[in-house]
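The values are calculated or read from the model by the stated rules, or taken from the named source; none is laboratory data. Owing to the predicted nature of the structure, the values given are computational and were not obtained by experimental measurement. Backbone-built Cβ (ideal geometry, glycine too); neighbour counts: all protein chains shown.
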Amino acid sequence: MARRVAIVGTGQTYHKSHRPDVTSREMIHEAVTAALADADLTIRDIDAIVIGNMDHFESINYVDAYSVEGSGGVMKPIMKVSTGGTTGATVAIAAYYHVASGLFERVLAIGFEKNSESDTTGAIITCSDPVWDRFSYSGAIPSLATEATAYMEKYGATQEDAALIGERDRNHAMNNPYAHLRRPLSVADIMNSPMLAYPIKLGDICPRSDGACACILAADGIAQKIAKRPAWFRAAAVRHTYTWFGDSTDYNQGLVSMQRASKDAYAQAGITKPVDEIDVAELYLPYTWAGLKWIEDIGFCGPGEAARFVSDRNTHMGGKIPINPSGGVISTNCIGATALLRVAEAAIQVMGKGGKRQVPDVKNALATGFGGCFWSDVVILSSEKP
Amino acid sequence: MDNAAIVGVAQTKYERRKKDHIFADLVFDVTRAALEDAGLTIDDIDSVVTVSNDFFDGRTISGMAVGDASGGQDKNISTVSGDGTFGAFYGLMRVLSGYKATIVVAHYKGSEGSLPITTNGMFDPIFHRHLGIDAISSAAIQANAYLTRYGIREEDIAQVSVKNHGNAKHNPFAQLPMEITVADVMKSRKIAEPLKLLDCCPISDGAAAIIIAGEEVAAKCKTKPAWVKGVAHCCEEYFLGDRDLANPVALRDAARRAYAMAGIRSPMDEIDIAEVLEPFSYMEPLWLEGLEFCKPGEGGNLIGKGITTMGGKLPVNPSGGALSANPVLVAGLARLIEASLQVRGDAGARQVKDAGTALAHGFNGPCGQSHCVWIVSGNR
């Protein structure tokens with residue numbers, strides 16, 4: 001039986017489009033130092049480290065080895081996991097297994113990306129199969145644009161419906177001192193922004209950010225001593241449903257990886273009515289339409305109901321299930337850290353450390369990762385030890 | 001630690017160029033073969049760890065290439081970017097956390113990349129990369145440091161190449177089974193002082209898979225389980241100038257922790273066979289020192305005394321090791337597979353007699369910066 005595990009500290013950098021003042025290793029150090037301070041620990045207390053990013057963004061091979069001076073990994077066990085956009089959640093989940101297995105007591109999870117040092121789209125293009133997929137689905141935007149078009153066609157959703165997601169998240173970012181884009185954006189602003197690939201406009205899509213995030217996980221018995229209110233793992237589920245982008249284009253099915261991962265996670269956590277039982281969600285929504293379609297797949301509302309569910313302000317601060325109090329991915333996107341930021345922000349909400357972005361009385365918080373070939377990670381954290 | 005075992009293993013034959021196989025083909029073959037070896041079906045597997053590296057595959061999110069092939073379609077899956085021994089470590093942690101069985105797959109095609117470029121990418125982009133340093137030239141620096149420190153002769157480390165290529169003749173998966181002499185190694189083409197062609201591993205294509213399971217699944221497998229007794233990993237400093245390259249401190253730390261878990265006090269007496277990752281000949285004695293099979297500086301004598309040869313007290317790399325096939329990342333998993341086969345008694349012509357306890361080793365990063373050590377045993 002797995003040991004119970006909780007997040008007991010989080011740390012993140014202030015996110016910007018360009019951090020010429022630091023190397024990626026120094027940026028990692030900022031996040032790690034902040035997480036250690038949050039948990040009132042020193043690096044000597046850490047038994048093992050899990051780190052992740054995407055190799056081709058910084059062009060550093062063996063980042064686990066390269067980063068030790070920033071991560072604190074000198075003479076410690078350090079392991080690298082990397083799964084594209086989901087990397088951050090994958091790192092958190094790997095750290096969870098480090099502790100749950102009984103082999104380690106206190107583990108540091110780190111995600112980072114210095115997008116300013118990369119050609120983001122140039123790198124992402126190479127994820128597609130070189131023979132079959134690369135010529136049709138190069139980069140991140142085209143596959144999302146076809147998904148959005150199919151969703152609009154099927155359910156009659158409008159570009160304005162999607163833009164409301166952008167307005168919501170960008171407004172939420174005003175409460176988050178760490179967010180990259182802290183300037184409110186209205187539906188009208190988004191509608192007037194330049195078209196990138198129909199129907200995705202500049203205001204609909206995430207930025208490229210420099211930044212790092214770190215979380216400290218600890219075992220049952222130790223976690224309670226470190227944190228007043230640890231954020232306990234109740235579920236961790238991953239589905240890499242697709243290997244080929246071509247297979248992911250049956251848009252009538254919805255985002256199958258999210259449906260399956262959330263079903264697995266709800267079963268682990270014993271959750272039957274997600275909207276009633278989950279108090280806040282930090283979702284990896286890289287573009288606005290995801291905030292419609294994917295909340296259907298995760299079971300917050302029925303198929304085709306998302307536009308109404310969102311416009312009724314159920315997902316705004318003060319609503320039934322606030323989504324992305326941090327401002328989400330639309331406001332901050334340092335890719336290898338992005339999904340770990342979702343987990344960290346969910347932990348912050350459970351631990352009651354959200355400051356102006358805090359949702360009151362959070363018991364259960366859900367975080368997701370999205371990436372790779374339409375893959376999904378789901379983590380559920382709780383103030384109650386399972 | 002709860003009981004967990006390696007219950008199924010598979011490798012492709014390692015070759016210079018597998019032109020007719022894409023990554024997914026290689027992984028599909030070893031996934032099926034590992035399941036057959038264990039007597040399990042993919043439905044018995046509830047967790048998948050793939051091992052790959054975006055640099056070596058020339059592909060961002062390299063795990064994407066093998067999701068279907070590894071059987072990960074509707075299972076909890078992840079990707080370790082590093083040596084196969086680290087991927088297996090993650091697989092083990094998942095089993096210890098409650099999964100019934102994890103399959104760990106690794107793939108690599110050296111034929112499709114340029115190692116000088118991809119391993120140059122290991123080095124600091126500001127201070128070192130423009131020097132052109134790569135896996136081979138950094139290994140040469142380490143070899144010089146080690147040989148000079150202890151007065152080890154090039155002929156001494158050449159014996160490792162002779163032994164391992166000779167052992168490879170009994171391993172049907174090895175790429176370079178060869179009958180060679182120390183003189184052959186000494187007169188082979190100089191690659192980077194003091195390393196010559198036959199001191200260096202070949203470029204290889206291949207894949208490997210293992211299945212790690214808890215007691216419940218292990219009981220129903222058709223193979224004898226290789227029980228995990230101890231495992232640990234550790235990483236040292238990054239900059240070569242900050243390190244003592246002739247003193248593998250991270251390996252020593254990992255080994256000590258793995259031995260402590262396994263209850264091993266005297267490794268030379270209690271371990272029957274070792275499979276260590278030695279892409280360069282000097283690495284085998286250096287790692288044996290780090291693993292505390294001997295005192296610092298004495299690694300070079302082990303082979304001369306016949307200790308590490310087949311029939312010796314501690315046969316090292318009966319498979320032929322990485323010198324005989326080095327599909328990077330896969331090579332560490334292959335060491336663990338070979339150690340498992342030895343304690344199962346299934347190593348065929350390369351079987352070491354009465355191999356009760358075996359050690360497997362792999363590493364990440366330049367000059368062995370981060371090491372992982374496994375102890376497996378035929379006895380629960």
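Among the listed residues A:38, A:55, identify the single one that is at pLDDT below 95 and in the same structural domain as residue A:112 (by TED's automatic domain parsing).
On the way: A:38 fails: at pLDDT below 95.
Unique residue meeting the criteria: A:55.
Can you confirm whether the stretch B:71-93 contains a residue that is touching a helix residue (DSSP H, G or I) at 6+ places or on another chain (Cβ under 7 Å), surrounded by fewer than 24 Cβ atoms within 10 Å (Cβ to Cβ) and within 8 Å of chain A (Cβ to nearest Cβ)?
Taking every residue of the stretch B:71-93 in turn, at least one turns out to be touching a helix residue (DSSP H, G or I) at 6+ places or on another chain (Cβ under 7 Å), surrounded by fewer than 24 Cβ atoms within 10 Å (Cβ to Cβ) and within 8 Å of chain A (Cβ to nearest Cβ).
Give the residues of the stretch A:149-162 that are among the small types (Gly, Ala, Ser) and modelled with pLDDT of 95 or more, sorted by residue number.
A:156, A:157, A:162, listed by residue number.
Among what's in the stretch B:95-108 and is in contact (Cβ under 8 Å) with a residue 60 or more places away in the chain and in contact with a Phe, Trp or Tyr (Cβ under 7 Å, 6 or more places away or on another chain), pick the residue that is surrounded by the fewest Cβ atoms within 10 Å (Cβ to Cβ).
B:108
Those residues that are among the charged types (D, E, K, R), surrounded by fewer than 18 Cβ atoms within 10 Å (Cβ to Cβ) and either within 23 Å of residue A:328 (Cβ to Cβ) or within 11 Å of another protein chain (Cβ to nearest Cβ) (or both), I need them from the stretch A:203-261; list them, please.
Answer for the stretch A:203-261, where residues must be among the charged types (D, E, K, R), surrounded by fewer than 18 Cβ atoms within 10 Å (Cβ to Cβ) and either within 23 Å of residue A:328 (Cβ to Cβ) or within 11 Å of another protein chain (Cβ to nearest Cβ) (or both): just A:247.
Being among the β-branched types (Val, Ile, Thr) and facing another protein chain (nearest Cβ under 7 Å) is the filter here; which residues of the stretch A:53-70 pass it?
Looking only at the stretch A:53-70, we keep the residues that are among the β-branched types (Val, Ile, Thr), and these are A:60, A:63, A:68.
A:60, A:68, listed by residue number.
What residue, of B:66, B:51, is more than 7 Å from every other protein chain (Cβ to nearest Cβ), touching a residue at least 40 places away in the same chain (Cβ under 8 Å), of a type outside the set (Lys, Arg) and within 24 Å of residue B:276 (Cβ to Cβ)?
On the way: B:66 fails: within 24 Å of residue B:276 (Cβ to Cβ).
After ruling out the rest, the residue left standing is B:51.
So which of B:276, B:343, B:328 is over 20 Å from residue A:79 (Cα atoms) and touching a strand residue (DSSP E or B) at 6+ places or on another chain (Cβ under 6 Å)?
Only one candidate qualifies: B:343.
When you go through B:136, B:103, B:157, B:141 one by one, which is the residue that is β-branched (Val, Ile, Thr), in contact with a strand residue (DSSP E or B) (Cβ under 7 Å, 6 or more places away or on another chain) and part of a helix (DSSP H, G or I)?
On inspection, the qualifying residue turns out to be B:136.
For the stretch A:39-143, please list each of the strands (runs of 3 or more DSSP E) lying entirely inside it that holds at least 3 residues being within 20 Å of the chain's Cα centre (by Cα) and closer than 30 Å to residue B:4 by Cα. Don't jump to the end; show me each part of the working.
Numbers: elements: A:48-52, A:78-80, A:106-114.
Passing ranges, in order: A:48-52, A:106-114.
What pairs come out if I take residues in the stretch A:287-299 that are at positive phi and pair them with residues that are modelled with pLDDT of 95 or more and aromatic (Phe, Trp, Tyr) whose C-beta lies under 9 Å away, six or more apart or interchain?
That search, which allows pairs on different chains as well, returns A:299/A:266.
Under the condition of being within 14 Å of another protein chain (Cβ to nearest Cβ) and of a type outside the set (D, E, K, R), which residue from the stretch A:263-279 is surrounded by the most Cβ atoms within 10 Å (Cβ to Cβ)?
Restricting attention to the stretch A:263-279, the residues satisfying the condition of being within 14 Å of another protein chain (Cβ to nearest Cβ) are A:263-265, A:267-268.
Those left that are additionally of a type outside the set (D, E, K, R): A:265, A:267-268.
Working: A:265: 25, A:267: 12, A:268: 16.
This residue is A:265.
Would you check if there is a residue in the stretch A:204-225 being of a type in the set (Ser, Thr, Tyr) and closer than 24 Å to residue A:70 by Cβ?
yes
Looking only at residues in the stretch B:214-251 that are surrounded by fewer than 17 Cβ atoms within 10 Å (Cβ to Cβ) and within 11 Å of chain A (Cβ to nearest Cβ), which one is farthest from the chain's Cα centre (by Cα)?
Here the residue is B:242.
Can you name the condition, by its number, that residue A:99 falls short on among (1) among the β-branched types (Val, Ile, Thr); (2) buried (at least 24 other Cβ atoms within 10 Å of the Cβ); (3) at the interface with another protein chain (Cβ under 7 Å from one of its Cβ atoms)?
Every condition holds for residue A:99 apart from (3).
Can you name every residue in the stretch A:324-354 that is more than 20 Å from residue A:226 (Cα to Cα) and assigned to a helix (DSSP H, G or I)?
A:328, A:329, A:330, A:331, A:335, A:336, A:337, A:338, A:339, A:340, A:341, A:342
Among (1) more than 7 Å from chain B (Cβ to nearest Cβ); (2) more than 24 Å from residue B:23 (Cα to Cα), there is one condition residue A:73 misses while meeting the rest; what is its number?
Answer for residue A:73: the failing condition is (1).
Mind listing whichever residues of the stretch A:328-386 are surrounded by fewer than 24 Cβ atoms within 10 Å (Cβ to Cβ) and modelled with pLDDT under 95?
Matches in the stretch A:328-386: A:374, A:386.
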